[in-house]
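The values are calculated or read from the model by the stated rules, or taken from the named source; none is laboratory data. This is a predicted model, so every value here is computed, not measured. Here the Cβ is made from the backbone with ideal geometry for all residues, glycine too, and neighbour counts use every protein chain on show.
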Amino acid sequence: MGKKTDQAYLTRGETQARIAELKYALHLMRQNRLVLSGSILVIFFIILSATATTIVSPDQAFDLNFSQSYCWPSSIISWTALAATCPQGSNFLLGTDGFGRDLLKMIILAIPLDISIALTVVTVATAFGVTVGSVAGWVGGKFDEIILRITDIFFAFPSLVLALVFAALFGRTIQNLTIAVLLVWWPIYVRLMRGQVLVEREKTYVEALKSLGVKPARLVLLHIMPNAIYPILVQMTLDIGGVILTFSALMFLGFSPDPALPELGNLAADGIGHVFTAPWLIVFPGVTILVIALAFNLVGDGLRDVLDPRLRR
Amino acid sequence: MILVLFGVSVIVFYLARGFPSAFSPWAQYITVKTKPAQIEAIIKTHGFDQPLYIQYWYWLWDVFHGDWGYSNWANGLPTYVVFSSRFPFTVELTITATILTLAIGIPLGIVSALRNNTAADHAARIVALTGYSVPSYWFAYVLQLVFAYYFYTWGLPSLPSGGIISQGLQGTVPTVTGLPILDGLFAGNLGYTADAVAHVILPAFNLSFISLGYLARIVRASMLEVLRQDYITMARAKGLPERIVIYRHALRNALIPAMTLTGLFVAGLLGGAIITETVFSWPGVGYVSLIAVFQGDSNFLLLYSLITALIIVVANLTVDVLYVFLDPRIKY
């Protein structure tokens, strides 16, 4: 028996079945209007974050003008009697922040930052979790035990406090805050992947491939991984919203490297002392975060229903 | 379990004591008037110049003797006093938030399961997903803005925007349990209790809104699962009214997975909801832990993270034991 005995299995039946399955999943997702609108929003936000700097010049973030800070333009909605009105001729659609910048432009500039941080955290956490988790699940024994205990420790942590302490210790740069979020985010992927591998390794196809002499690394990477990856994909999609929420919460709680940084939590934090005089400063960045997180969660929720054949109804 | 607590304490100890330039552990023992020479002496006598593992040993020794150190920012009170004086407020918030979550989440889940794939189900799904997509700090401010500010300006009955009790009522009842709502009841002072309830509603709703979505989804999934079982068909075939089938036969089993989630939710909340407590100026342990981070109070952070970890570990264990008790099919 050659070492690539599983090649035929991989190339013919397996791949075709998988593509057919994926097509069917996509079809099902299109059926659900909620998931469809979530996907459209996700695509919209991704396009927006790719083009944000061409829509609004990043220099606008440094364009401070304190004479027009905390002002609201139109008389269509009157937030409070205390709100300042913007000067004639200016067109700030969503009012201005404390630095006198156009809030709408700042939100547009902030979206790519938040989404890219979320993607970074989720990708790195997944890569790490999938590697460690599948090794732990496959090898088992002492190594598995140690990994399990370490994740236990991290699960028992008040996660936000760990991130806060980390951010307080190592300085408030975007990079450190990203690491702080990552620090509390990886264990779930390890556990998820480990559980998947534990389930899959007992199945007949793994036994069959083993008896064919397929090497463990190849077996895990090419055969188990594709079967085990769906819950991970769902978790990733659901976590993008979660990471944005956590990251912006760190910013909001006062761990921002720069109060003028266009980041959604940071923009909202600018409004803390002005809730009753300039409510739009908290309302609009918050709504943006809500819509982004909701879009990804809708897709993730739909993916979960569709990718798990048992849940298809 | 011991291992988890040990691990948590080692990690926090290393982070909180290993970087004196950012978090100087002796800051809790000095005042503005302490002279440099005295600071040197304090560092020496407390052993802050020793290697970290020896310091850890000292700390562990003190902890087992009931000495958690002091918190300078809280008028130099012993750290465990700072914690225990704040903990009842967090307990009150946790209990209220849990009641709200169960009261809204379970019916929501049942409705979406019974009316599977109808408008009601989709609405419940949107509520659930919104719940876990909403930035809690933002939602907290929106609640304040609407119920405290706008309701007040429109002349509607408004709710207080923060704190645990109105200023004028502070200290009017003796502290028995430390929970303002219960203390008011014990003292027979209903006005006090009503005021305390009014203060707790907004933060509790803020907390429950985030988690009732999860709960509703879990209840929905397990309800759908249960309704497909043979014994339900059997109960229907017997001619039992649908109400009894659902509420007496199906719901009991469908709620078992929800219980796990509730247990973990309570454990998480007892550890303090940093964001919600901060926005609503709720003086619980979560709020204090944020102050401790900013004040570099490693004593409090160590105590806080250990107790939180302990609560989570115990909750996990309790849930596992209860699970076996409630569902005889599960055996370990």
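Kindly indicate which of B:Ser71, B:Ser136, B:Ser84 is hydroxyl-bearing (Ser, Thr, Tyr), within 30 Å of B:Ile181 (Cα to Cα), more than 14 Å from chain A (Cβ to nearest Cβ) and touching a residue at least 24 places away in the same chain (Cβ under 8 Å). Criteria check complete, one pass: B:Ser71.
Candidates in the stretch B:319-330 are the residues that are assigned to a helix (DSSP H, G or I) and closer than 15 Å to B:Ala258 by Cβ; of these, the one that is nearest to the other protein chains (Cβ to nearest Cβ) is B:Val319. The single residue among B:Leu143, B:Leu159 that is closer than 21 Å to B:Ile274 by Cβ and of a type in the set (A, V, I, L, M) turns out to be B:Leu143. I'm told B:Asp67 meets every condition in (1) assigned to a helix (DSSP H, G or I); (2) modelled with pLDDT of 75 or more; (3) of a type outside the set (Lys, Arg) except one. Can you identify the failing condition by its number? It fails just one condition, (1). Can you say whether A:Ala83 is within 28 Å of the chain's Cα centre (by Cα), closer than 30 Å to A:Phe276 by Cα and at pLDDT below 75, as far as the supplied structure shows? No. If you go through the stretch B:284-308 and keep only what is more than 20 Å from B:Pro88 (Cβ to Cβ), buried (at least 22 other Cβ atoms within 10 Å of the Cβ) and among the hydrophobic types (A, V, I, L, M, F, W, C), you end up with B:Val293, B:Leu301, B:Leu302. You will find that of A:Ala278, A:Ala228, A:Ala260, the residue that is among the small types (Gly, Ala, Ser), under 24 Å from the mean Cα position of the chain (by Cα) and closer than 24 Å to A:Gly98 by Cα is A:Ala260 and no other.
Checked against the criteria, B:Ser281 counts as within 14 Å of chain A (Cβ to nearest Cβ), closer than 28 Å to B:Ala74 by Cβ, surrounded by fewer than 16 Cβ atoms within 10 Å (Cβ to Cβ) and modelled with pLDDT of 85 or more.
Rundown of residues vs (1) surrounded by fewer than 20 Cβ atoms within 10 Å (Cβ to Cβ); (2) of a type in the set (A, V, I, L, M, F, W, C); (3) farther than 24 Å from A:Val287 by Cα; (4) modelled with pLDDT of 85 or more, yes/no style:
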{"position": "B:Phe89", "(1), (2), (3), (4)": "no, yes, yes, yes"}
{"position": "B:Ala97", "(1), (2), (3), (4)": "no, yes, no, yes"}
{"position": "B:Ile110", "(1), (2), (3), (4)": "no, yes, yes, yes"}
{"position": "B:Ala113", "(1), (2), (3), (4)": "no, yes, yes, yes"}
{"position": "B:His122", "(1), (2), (3), (4)": "yes, no, no, no"}
{"position": "B:Leu129", "(1), (2), (3), (4)": "no, yes, no, yes"}
{"position": "B:Phe139", "(1), (2), (3), (4)": "no, yes, no, yes"}
{"position": "B:Gln144", "(1), (2), (3), (4)": "no, no, no, yes"}
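Taken residue by residue, the stretch A:175-188 has no member that is under 13 Å from A:Trp138 (Cβ atoms) and surrounded by fewer than 16 Cβ atoms within 10 Å (Cβ to Cβ). Here the stretch A:154-170 is the region considered, the condition is being surrounded by fewer than 21 Cβ atoms within 10 Å (Cβ to Cβ) and without any contact (Cβ under 8 Å) to a residue 12 or more places away in the chain, and the residue that is farthest from the other protein chains (Cβ to nearest Cβ) is A:Phe170.
If I filter the stretch B:42-57 for residues that are in a loop (DSSP other than H, G, I, E, B) and within 11 Å of chain A (Cβ to nearest Cβ), do I get at least one hit? No, there is no match, as no residue in the stretch B:42-57 is in a loop (DSSP other than H, G, I, E, B) and within 11 Å of chain A (Cβ to nearest Cβ).
Number of residues in the stretch A:49-79 that are in a loop (DSSP other than H, G, I, E, B) and not charged (D, E, K, R): the value is 13.
Would you mind stating whether B:Val146 is out of contact with any Asp or Glu (no Cβ under 6 Å at 6 or more places or on another chain) and closer than 30 Å to B:Ile256 by Cβ? The answer is no for B:Val146. Filtering the stretch B:183-205 for residues that are closer than 21 Å to A:Ile282 by Cβ and within 13 Å of another protein chain (Cβ to nearest Cβ) leaves an empty set. Assess whether B:Phe294 counts as being in contact with a helix residue (DSSP H, G or I) (Cβ under 9 Å, 6 or more places away or on another chain), within 11 Å of chain A (Cβ to nearest Cβ) and either without any contact (Cβ under 8 Å) to a residue 40 or more places away in the chain or within 20 Å of B:Asn206 (Cβ to Cβ) (or both). Criteria met by B:Phe294. Report whether or not B:Ser289 is outside any helix (DSSP H, G or I), among the hydroxyl-bearing types (Ser, Thr, Tyr) and either within 12 Å of chain A (Cβ to nearest Cβ) or at positive phi (or both). It is false that B:Ser289 is outside any helix (DSSP H, G or I), among the hydroxyl-bearing types (Ser, Thr, Tyr) and either within 12 Å of chain A (Cβ to nearest Cβ) or at positive phi (or both). Just one of the listed residues (A:Val124, A:Val135) is under 19 Å from the mean Cα position of the chain (by Cα) and of a type in the set (Val, Ile, Thr), and it is A:Val124. Scanning the stretch A:17-40 for residues that are surrounded by 11 or more Cβ atoms within 10 Å (Cβ to Cβ), more than 16 Å from B:His122 (Cα to Cα) and of a type in the set (Val, Ile, Thr) gives a single hit, A:Ile40. Residues in the stretch B:297-318 that are in contact with a Ser or Thr (Cβ under 6 Å, 6 or more places away or on another chain), more than 8 Å from chain A (Cβ to nearest Cβ) and assigned to a helix (DSSP H, G or I): B:Asn299, B:Phe300, B:Leu303, B:Leu306.
Scanning the stretch A:155-205 for residues being more than 19 Å from A:Thr131 (Cβ to Cβ) and not in a helix (DSSP H, G or I) gives a total of 7.
Being over 20 Å from B:Leu108 (Cβ atoms) and crowded, with 16+ Cβ neighbours inside 10 Å is a property that does not hold for B:Ile246. Of the set (1) within 13 Å of chain A (Cβ to nearest Cβ); (2) within 22 Å of B:Phe209 (Cβ to Cβ), all apply to B:Thr260 but (1).
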